[in-house]
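Undergrad: A single structure is presented below for examination.
The values are calculated or read from the model by the stated rules, or taken from the named source; none is laboratory data. These figures come from a predicted structure and were not determined experimentally. Cβ coordinates were reconstructed from backbone atoms using ideal geometry, including for glycine residues, and neighbour counts include every protein chain displayed.
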Amino acid sequence: MSETHLVESEGLPLAEPMTFAQREVLHRAVAKIILLGDQVGVTTDQMILLLQSGLTVGELLDYLYARSRESA
């Protein structure tokens, strides 16, 4: 079973298999987000809850950045 991601084309989501390189990039990015969360006192579970409540990944990164500025 291959992993897929959604690509929007004319409003319709299309599933395309991820390449090995894309999976590696995704894994490194997620690891960096988790590390940043740990540094600013936001657990992985808290980040998941924020995303499930409707925050986008970009908004989560903004939130983590703001938290890091507060602790500096």
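Undergrad: Do you know which of the residues in segment 5-27 that are surrounded by 10 or more Cβ atoms within 10 Å (Cβ to Cβ) and of a type in the set (D, E, K, R) is modelled with the highest pLDDT?
TA: GLU24
Undergrad: Look through segment 39-67, keep the residues that are in a helix (DSSP H, G or I) and β-branched (Val, Ile, Thr), and return whichever of them is nearest to LEU26 (Cα to Cα).
TA: It comes out as VAL57.
Undergrad: Next question, about the same structure. Would you mind telling me which numbered condition in (1) closer than 30 Å to ARG69 by Cα; (2) modelled with pLDDT under 95; (3) among the small types (Gly, Ala, Ser) SER2 fails?
TA: SER2 satisfies all of (1) closer than 30 Å to ARG69 by Cα; (2) modelled with pLDDT under 95; (3) among the small types (Gly, Ala, Ser) except (1).
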